[in-house]
Amino acid sequence: MRLSLEPIGIIKRAANKSEILIYSDFEQVIRNIVSKIGDGAEFGQKLLVIHKTNGKKQEDGHQVQVTKTTLLERKGNLLTVSKIEASEDSVIDVRLDVAA
């Protein structure tokens with residue numbers, strides 16, 4: 001079954017970290033995360049990032065990937081996270097990792 005998922009942002013690779021830019025139309029995702037952990041308490045939080053695997057053919061045939069990462073910094077709707085093995089991938093969702 002194929003689903004059509006609207007991206008809420010994009011992953012950019014930078015040196016030894018990654019940046020997730022959340023589009024301004026979807027800033028509610030950031031507000032939800034901040035409301036759960038408190039403003040200024042973002043550093044070190046574990047996140048789950050659901051993203052489309054653009055340009056890569058997955059061996060298992062799935063179109064999306066879930067990656068666990070650590071939030072290093074947040075500036076508005078730009079999240080700096082530990083390195084993700086993805087570049088130019090479309091972000092579908094970002095959630096707190098409640099199991100962490």
### Query
Hey, L72 hits all of (1) closer than 22 Å to E6 by Cα; (2) at pLDDT 90 or above but one; which does it fall short on?
(1)
### Message
All but one of (1) surrounded by fewer than 17 Cβ atoms within 10 Å (Cβ to Cβ); (2) modelled with pLDDT of 80 or more hold for E59; state the number of the condition that does not hold.
### Response
(2)
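Residue-wise test of (1) in a strand (DSSP E or B); (2) among the hydroxyl-bearing types (S, T, Y); (3) surrounded by fewer than 18 Cβ atoms within 10 Å (Cβ to Cβ).
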site: E6; (1), (2), (3): no, no, yes
site: I11; (1), (2), (3): yes, no, no
site: I20; (1), (2), (3): yes, no, no
site: D25; (1), (2), (3): no, no, yes
site: I30; (1), (2), (3): no, no, no
site: V34; (1), (2), (3): no, no, yes
site: G44; (1), (2), (3): no, no, yes
site: L47; (1), (2), (3): yes, no, no
### Query
Would you pick out the residues in the range 72-84 that are under 10 Å from K17 (Cα atoms) and in a strand (DSSP E or B)?
L72, T80, V81, S82
### Message
Looking only at the range 73-98, filter to residues that are in contact (Cβ under 8 Å) with a residue 24 or more places away in the chain and open to solvent by 70 Å² or more (accessible area, probe 1.4 Å); which one of those is nearest to the chain's Cα centre (by Cα)?
### Response
R95
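The values are calculated or read from the model by the stated rules, or taken from the named source; none is laboratory data. As the structure is a prediction and not an experimental result, all values here were calculated from the model. Note that we place each Cβ from the backbone using ideal geometry, even for glycine, and neighbour counts take in every protein chain shown. Areas reflect the complete protein model, heavy atoms only, side chains present, ligands, DNA and RNA absent. Shrake-Rupley method; radii C 1.70, N 1.55, O 1.52, S 1.80 Å.
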